[in-house]
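Below: one structure, written as C-alpha cells.
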Amino acid sequence: MNPSSGFTQEVHFDNFDYRNGGRAWRRWNDDYTNIPISYAGVSEIANQPILSDIEFDDDGDMIVGFMSRWGHQMGSSNYKPIASNTELTNAIAHEMLHICNQNGAWSY
C-alpha cells in the first residue's frame, strides 16, 4: 500500500443513524448548557463520536471503533461545568462496528 497515492472512501455514515446502546450519537458540542443530561429519568450520555480505530479481520471485513468525545470532556460521574447543574452525568461510551465486505460491497 502506498498512502501517497491517496485514499478511497468505502463506507459513509450518514448522521450515525444506527443505535448506540439505545442512545443516538450527537453532534460535537462545547455548549454545556445545551446538552441534555437526562432521558426517561436516566442520566444521559451525550455521545459525540471520535473514530478511534480501524482494523481488518481475516475475511477482509472492517472492524471500526468509536469512542465518545463527551467522555474526554466529562469523565465518569461528574457534574457539567455550569453553576446550575446538580445532576451527575456519566460520559464513558464506546462502540465497535463490524462492517462486512461482501464481494467488494461494504455493509453494516
Margin query: Please go through segment 74-89 and give me each residue that is open to solvent by less than 70 Å² (accessible area, probe 1.4 Å) and touching a residue at least 40 places away in the same chain (Cβ under 8 Å), ordered by number.
Written below: LYS80, ILE82, ASN85, GLU87, THR89
Next item on the list: Evaluate the following for SER68: is it open to solvent by less than 90 Å² (accessible area, probe 1.4 Å), at pLDDT below 75 and of a type in the set (Ser, Thr, Tyr)?
Entry: no
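The values are calculated or read from the model by the stated rules, or taken from the named source; none is laboratory data. Here the structure is a predicted model, which is why all the values come from computation and not from measurement. Positions of Cβ are generated from backbone atoms using ideal geometry, with glycine treated the same way; all protein chains shown enter the neighbour counts. Just the protein is used for accessible areas: all its heavy atoms, side chains included, with ligands, DNA and RNA removed. Shrake-Rupley method; radii C 1.70, N 1.55, O 1.52, S 1.80 Å.
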